[in-house]
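Data block below; observations after.
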Amino acid sequence: MGIKKMTASVLGLTLTMGSGVMSSCQWRPSRSSPPPLTDRTIPPEATISLKESWDAYRKRFIQADGRIIDWEAEERSTSEGQAYAMFRAVFADDPDSFDRTLKWSESNLQRRDNQGKPMDSLWAWKWGKSASNQWVQLDPNFAIDADIDACFALILASDRWSRPDYLALAKTKLKDLWNFSTLTHNDQTYLLPGPKIAFQQGDRLTLNPSYLAPYAFRLFAQVDPDRDWMALVDSSYAILENSASLSNVGLPSDWVNFDLKTGKYSALESGSPLKTQYGFDATRVWWRIALDGAIFNEARSMNYLQAHLKPLQNRWRKDRKIPAQIDLQGNPMVNYEATSQYGMLYSALRPLDPTMATEIYQQKIKPTYRSGFWDNDKAYYTQNLAWFGLLAPHDIAQAMKGKFPPTPK
């Protein structure tokens, strides 16, 4: 199939991307769909920080062999960090960093059995120094959000840099992702955060709302039509909407339990290391859902954001700050804030409440940025979420415009 090239300027980064590569389906928004999101003015210095911060991140966090180092956690590496770097490299037009990061991940994170044979194509989530001072996989379980982000990046990279091998790898991973991390029950399909043995106990599932990426599932449906990825779009919105009822103010939680038999959600036990609270995981929900609305004009995206961002908008208007963690009663759990959260909020508020988005940028994001880093040069998680927030959903949608037509509902 021929590739028609298009060029889009996104926050100062020039992107040359193919058009109409994956699908020829025609799609028109339904009458219930909101109008397409319009661009909002972004502070001009943010265009500089995106380029500068990627250069700084590449030098500070990406080793020559492609390993992403988490300086705040004993110099370990995670599948999440590897996937984030791949995602950013696509939009920064950095094929070398992308390829090095991918190759290190494939060489070091591939899950293997006791005989050393590959178990699947998914990545072990944690790699670092063992008690015996060896650099190895510290936990062979996979965290599926990383594999989702990696597949999304592989599909875009395949098109942008004319690398069919990337698309072939993405398809292999998607088959394993579906087989090992989805569960169908009573005609409903759910995304599990990792292996079924870890996140299904009888009729009870443990779910992470911030792993749900309906925009990615729509793209997967186009390149992998053998699996019903659109079913995950619907279950994602159902999980997000219904699990938010656990919070008295309607916020998403880091982790929730779901009972397949009753259809009810519940908080995790108090002694669990996984918490049912609005925290560092849950903040990613805003960006992921805004991305679905921006790229695919999904009405449920704006409806969800309008309904569930309200408690944070009200808190900002009242206090001019938002705590990093909030309990199910809507009370602050800590007295500190998180630049990573403000980055995610900025991306979602740009189309919803541009005035507040600008305030958050000027008062909370911009002041923490110095010489290529937000907060400090050790905070790998913050660097990624702040960068994603400034490369807002609308800008990603503009870069992908015409490339991957929305999948019919």
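The values are calculated or read from the model by the stated rules, or taken from the named source; none is laboratory data. The structure displayed is predicted, hence computed values, not measured ones. Cβ placement follows ideal geometry from the backbone for every residue including glycine, while neighbour counts extend to all protein chains displayed. SASA here: full protein model, heavy atoms, side chains in, ligands and nucleic acids out. Shrake-Rupley method; radii C 1.70, N 1.55, O 1.52, S 1.80 Å.
May I ask you to give the percent of accessible area on the chain that is carbon plus sulfur, with a probe radius of 1.4 Å? Heavy-atom surface of the chain belonging to carbon and sulfur, 1.4 Å probe: 49 percent. Our summary gives the chain a relative contact order of 20 percent, counting only alpha carbon pairs under 8 angstrom and 6 or more residues apart. Solvent exposure of segment 132-171, expressed per residue, is 35 Å² of accessible area, with all protein chains present and a 1.4 angstrom probe. GNM, the chain, Cα, under 10 Å: largest mean-square fluctuation among A170, A267, A294? Comparing A170, A267, A294 in a Gaussian network model of the chain, the most mobile one is A267.
Would you give the gap between the C-alpha center of segment 68-141 and the C-alpha center of segment 202-257, rounded to a whole Å? Centre-to-centre distance over Cα atoms comes out at 25 Å. The protection proxy used here, the mean number of other Cβ atoms lying within 10 Å of each residue, ranks peptides 230-243, 321-334 as follows, highest first: 230-243, 321-334.
For the chain, a Gaussian network of Cα nodes joined below 10 Å ranks L207, L274, L102 by mean-square fluctuation, and the top entry is L274. For the options N108, N297, N186, a Gaussian network treatment of the chain with springs between C-alpha atoms closer than 10 Å singles out N186 as fluctuating the most.
Would you mind classifying segment 252-409 by shape? Square roots of the alpha carbon gyration tensor eigenvalues, ordered a ≥ b ≥ c; an a/c under 1.5 is rounded, otherwise it is prolate if a/b is larger than b/c and oblate if not. Oblate shape, in that a/c is at least 1.5 and b/c is the bigger or equal ratio. Every helix of 4 or more DSSP H residues in the chain counts as -39500 (n - 2.57), and over all residues that averages to -14000 deg cm²/dmol at 222 nm. Based on protein heavy atoms only, segment 198-308 ends up with 32 Å² per residue of surface accessible to a 1.4 Å probe.
For L138, the amide hydrogen comes within under 5 Å of the amide hydrogens of K126, W127, G128, counting only partners 5 or more places away or on other chains and with H modelled in the peptide plane. Site pair K310 and Q110 shows an inter-label distance of 5.1 nm when each label is modelled 7 Å from Cα along Cα→Cβ. Packing around the peptides 221-227, 339-345, taken as the average count of other Cβ atoms within 10 Å per residue, puts them in this order, highest first: 339-345, 221-227.
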